[in-house]
Amino acid sequence: MELSLTTRTVGEHTVLEVGGEVDVYTAPRLRERLLELIDGGARQVVVDLGRVDFLDSTGLGVLVGALKRLRTVGGTFALVCDKEPLLKIFRITALDQVFPLHATVDAAVAAGPAA
């Protein structure tokens, strides 16, 4: 399945909408796009996983890497995810304790700069 990446701005936040499957084959594209955003000056990044059908450990690694990179430059990183199969992955890996998880982009933006 293809990976779609769309970027938009909501207030002070850069929202990256991700669709499709994030796996060992597509994760490098996601990593590259996140690095472009961060290196381009984005400091409040929200990744919307609402249209993601599959996420593997490679994709999780990309998200963790982006979070670490943003923290080193004083930025914030949040995820939008309301699909139970994906939420289960975050709970099993305890990454729900690492990432701010929100049900909607509006909720993520309203939460403000909470790392």
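The values are calculated or read from the model by the stated rules, or taken from the named source; none is laboratory data. Since we're looking at a predicted model, the values are computed, not measured. Cβ atoms come from the backbone with ideal geometry, glycine included; neighbour counts cover every protein chain shown. Note: accessible area is taken over every heavy atom of the protein model, side chains too, but ligands, DNA and RNA are not part of it. Shrake-Rupley method; radii C 1.70, N 1.55, O 1.52, S 1.80 Å.
Data overview
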| quantity | calculated |
| --- | --- |
| Largest-first ordering by accessible area, 1.4 Å probe, given options K88, K83 | K88, K83 |
| Computed lengthening from E36 to D53, 0.36 nm per intervening residue step minus Cα-Cα distance | 3.7 nm |
| Mean Cβ neighbour count within 10 Å, used as a protection proxy, ranking 105-112, 44-51, 72-79 highest first | 44-51, 72-79, 105-112 |
| Candidates V52, V98, V80: whichever shows maximal mean-square fluctuation once the chain is modelled as a Gaussian network with Cα springs under 10 Å | V98 |
| Order of exposure, largest accessible area first, which applies to I38, I89 with probe 1.4 Å | I89, I38 |
| Point-to-point label distance, E84-T72, nm (Cα→Cβ direction, 7 Å offset) | 3.9 nm |
| [x] 12.6, 34; [y] 22.1, 61; [z] 18.9, 60, with the label sought being that of the calculated Rg and Dmax of the Cα atoms in Å | [x] |
| Other-chain or far-sequence residues with amide H under 5 Å of G50's (modelled H) | V18 |
| Whole-number accessible area per residue in Å² for the range 1-76, which is evaluated in the context of all protein chains at 1.4 Å | 49 Å² |
| Nitroxide proxy distance, nm - points 7 Å out along Cα→Cβ at V10 and T93 | 2.2 nm |
| Beta bridges by DSSP in the chain, antiparallel share as percent, to the nearest 5 | 35 percent |
| Vicinal HN-Hα couplings computed from phi for the range 43-50 (Karplus, 6.51 cos²θ - 1.76 cosθ + 1.60; Hz; Gly/Pro x) | 10, 10, 10, 10, 9, 8, 9, x |
| Difference of contour (0.36 nm per residue) and Cα-Cα distance, V64 to D23 | 13.3 nm |
| Fraction of accessible area attributable to carbon and sulfur, the chain (%, probe 1.4 Å) | 54 percent |
